[in-house]
Amino acid sequence: MDTWVAILLAGTLIWFLVRWRARVRAEQAWAEIDASEAKASRRSLRIVVLSLGTRGDVEPLAALGAAAVARGHHVTFCTTDNFRSLVESVPGLHFRSCGLARIPQPPSLYRARSMVEFLTAVAGTISRLYAPLGSALFAAAGGEGEGEGAPPDVILANLFAQHFGLDIGEALDVPVWLVKLAPDRCVFFIYRYILRESCSQFDSLP
């Protein structure tokens, strides 16, 4: 009888040891996976920012780029030449020209009182500059082998560069994030007439 008890105890002990070793190995494997995923999530990204417009369109994205640089990412910032000093004043941002000294602003632009009048005022300018702007932005983003090495991991494009950004992202097979930093009448329409929620903050809009 004592022999069978000893065998039972020894078998139970071996079973617990095997289970314990298997659990330790599993925990080690999961720890290695977690460490690998954490390392991958912290890897440096190559980010290209496409920003066209006035200072109010460029400076907020420069601040966004600075935050990305602070987190260890490589940021190429493409805009007009008149904002070169602004971009280069931010440590870590790499300036690339979009091929224009500045975005032309005809006098009729300042008289626009609606988006329709605004688009009418800039239609001629946009049609003349679309092709050269697109080519310069494409090259800055790494198209045609003219970027700073490999294609970017992601492209950020502001309102006036969004159409270029989408086309370039499709051509390079990289994701594009469209960045819009202010509400407009489109947001007002969605909240008031679709969601039908209270939106008193928009009541003062014309």
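The values are calculated or read from the model by the stated rules, or taken from the named source; none is laboratory data. Predicted, not measured: the structure shown is a model, and the values here were computed from it. Here Cβ is always computed from backbone atoms with ideal geometry, including for glycine, and neighbour counts include all displayed protein chains.
Considering the stretch 125-138, and only residues there that are of a type in the set (Gly, Ala, Ser) and touching a residue at least 24 places away in the same chain (Cβ under 8 Å), the residue that is surrounded by the fewest Cβ atoms within 10 Å (Cβ to Cβ) turns out to be SER135. Within the stretch 81-121, the set of residues being surrounded by 15 or more Cβ atoms within 10 Å (Cβ to Cβ) and either touching a residue at least 60 places away in the same chain (Cβ under 8 Å) or among the polar types (S, T, N, Q) (or both) comprises SER97 only. Does the stretch 115-131 contain at least one residue that is assigned by TED's automatic domain parsing to the domain that holds ALA68, modelled with pLDDT of 85 or more and in a helix (DSSP H, G or I)? The answer is no; no qualifying residue exists. Only one entry in ARG71, ARG55, ARG43 is surrounded by fewer than 13 Cβ atoms within 10 Å (Cβ to Cβ), of a type outside the set (Gly, Ala, Ser) and closer than 20 Å to GLY142 by Cβ, namely ARG43.
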